[in-house]
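The values are calculated or read from the model by the stated rules, or taken from the named source; none is laboratory data. Worth saying up front: this structure is predicted, and the values here are computed from it rather than measured. Neighbour counts run over all protein chains shown; Cβ positions are idealised from the backbone, glycine included. Each accessible area value is taken on the protein alone, full model and side chains, heavy atoms only, with ligands, DNA and RNA left out. Shrake-Rupley method; radii C 1.70, N 1.55, O 1.52, S 1.80 Å.
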Amino acid sequence: MNRPLPEAVRQAVVEVAAELIGGLPVDDVPAPLRRFARFERRKRAKLAGQHIAAALEKDSGFRRRVAEPLREKQGDLVEAVEGGHVPPAADPVRVAVLAYLLRPTGWTRLVEAARAELERSATASEEEAAERRVAALKEELAAARTARATEVERLRAELRDSKAEVSDLRRKLHEARVRYRAAEERAGAVEAEAERTLAAARESTAAAEKELRRLRARAGQAEAAAEAAKRAAREGRNVEDVRLRMLLDTLVDAAQGVRRELALPSTIERPADAVGALEPDRLAHRALPGRALSDSDPQLLDRLLTLPRVHLIVDGYNVTKTGYGDLPLADQRSRLLSGLGGLAAQTRAEVTCVFDGAELDAPVAIAAPRGVRVLFSRPGQTADELIGDLVRAEPPGRAVVVVSSDREVADAARRASARPCPSTLLLRRLGRS
């Protein structure tokens, strides 16, 4: 058969085969179709349709196996198809399915007859659909004509109403113009009266200003007299102020003399206290805080945090990526800052956490805990350089601790007289808190 099966026949054949595959043992199913045997029947017919059609075309044994259930269900029609005497009232699709599966003599003629019958049915259906569409279009045309007539009548009624409204508006406009002219005449009369009233008010204002100037002159004379009286009173009081000041100066001089005689110490630092020099029993060099402890000593960080006014500088991402680098950067920052807030509250140490600004796509807003300073490096600057700036900004002698497992950061901290501390010790302390 050179032409493909009609689509309806092909779908019916595939559905029959798909129904059979689900009930066959796995070994009896053709190899290309075994992976579809576990599918639901409808899904099997939809997804494996091409594979089933190919297997039916190539495998005659599988084709006969598919025809067996039809032989049991439609025995009479199977005998008629195999005998070549198909009843005229038989469904052409069923006849074509049986002919394709059983392959009797002249089976292609039965398939072509089904194709012709399906084409005639499709043509008849199309003609019926076209007739229905024509009838529907005629009904729509009649409805449109009726609606058009109704709309025209409505528009005519609206036109009549509009003409009546325009006539009424013209009448009202004429009446408004008459009232406007009358209002203009009244406004002219009111304006003339207002000008006369204004002229009278100006005359009254001039007289009032003249009287006001006379009263101001009298007030100035009264103020001058009052000032003269106050001056005389102050001169009398100044004599008593001078006596009181002389008594106060005498008491201050007496107190200073007593302090000099008794050699009492001053309450402020003396200039010599500000001059740096070596004193007895003091080391001639600056020692790093916690110098006696090694970097791996578990007590190193605890000992350093007990130093007075210690400044703890934390290399943020070095700590977070050591302890919980699998979290997103925002979660890493939040977790570290939360722990540092508790540490600052416990130890009252100054805590500064430094993050690399190059890790950010855009500036972020961070609510730093109380007692924790959060800094990001500027564009073109690394977090290591910012940590170095912070260490160098501290005055000599202050205890500064830099938390980082970066070797370069630790060496730079030592050179700047700061004490480096591994990130693992801080993570252990935060976990303990």
field: Residues of the stretch 57-75 that turn out to be modelled with pLDDT under 70 and either open to solvent by 90 Å² or more (accessible area, probe 1.4 Å) or within 57 Å of the chain's Cα centre (by Cα) (or both), as a count
entry: 1
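Quick one: how many residues across the stretch 375-391 are closer than 12 Å to Asn318 by Cβ and assigned to a loop (DSSP other than H, G, I, E, B)?
Let us first name the residues in the stretch 375-391 that are closer than 12 Å to Asn318 by Cβ, namely 382-384, 387.
Right, trim to assigned to a loop (DSSP other than H, G, I, E, B) and you get 382.
Residues flagged as closer than 12 Å to Asn318 by Cβ and assigned to a loop (DSSP other than H, G, I, E, B) within the stretch 375-391 amount to 1.
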- prompt: From the set of residues in the stretch 297-332 that are open to solvent by 20 Å² or more (accessible area, probe 1.4 Å) and among the charged types (D, E, K, R), which is nearest to the chain's Cα centre (by Cα)?
  reply: Asp331
message: Need pairs with beta-carbon distance below 7 Å; first residue within 11 Å of Cys353 (Cα to Cα) and among the acidic types (Asp, Glu) and within the stretch 311-340, second open to solvent by less than 60 Å² (accessible area, probe 1.4 Å) and assigned to a helix (DSSP H, G or I); sequence gap 6+ or separate chains.
response: Asp315/Ala383; Asp315/Ile387; Asp315/Val409
- request: Return only the number of the condition from (1) at pLDDT 90 or above; (2) surrounded by 14 or more Cβ atoms within 10 Å (Cβ to Cβ) that Gln346 does not satisfy.
  value: (2)
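With the condition kept exactly as written, say whether any residue in the stretch 294-305 is in contact with a Ser or Thr (Cβ under 8 Å, 6 or more places away or on another chain), modelled with pLDDT under 95 and not aliphatic (A, V, I, L, M). Don't jump to the end; show me each part of the working.
First, the residues of the stretch 294-305 that are in contact with a Ser or Thr (Cβ under 8 Å, 6 or more places away or on another chain): 300, 305.
Okay, now just the ones that are also modelled with pLDDT under 95, so 300, 305.
Cutting the leftovers down to not aliphatic (A, V, I, L, M) gives us none.
No, that holds for no residue.
Working carefully through the options Asp356, Asp406, Asp389, Asp411, find the one that is farther than 16 Å from Leu336 by Cα and surrounded by 15 or more Cβ atoms within 10 Å (Cβ to Cβ).
Numbers: Asp356 fails: farther than 16 Å from Leu336 by Cα; Asp389 fails: surrounded by 15 or more Cβ atoms within 10 Å (Cβ to Cβ); Asp411 fails: surrounded by 15 or more Cβ atoms within 10 Å (Cβ to Cβ).
Matching residue, one of Asp356, Asp406, Asp389, Asp411: Asp406.
Only one of these is over 60 Å from the mean Cα position of the chain (by Cα) and on the phi < 0 side of the Ramachandran plot: Ala149, Ala222. Name it. So that I can check it myself, show each step before the final result.
Details: Ala149 fails: over 60 Å from the mean Cα position of the chain (by Cα).
Only one candidate passes the filter, namely Ala222.
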message: Considering only residues that are assigned to a loop (DSSP other than H, G, I, E, B) and open to solvent by 60 Å² or more (accessible area, probe 1.4 Å), which ones fall in the stretch 392-403?
response: Pro395, Pro396, Gly397
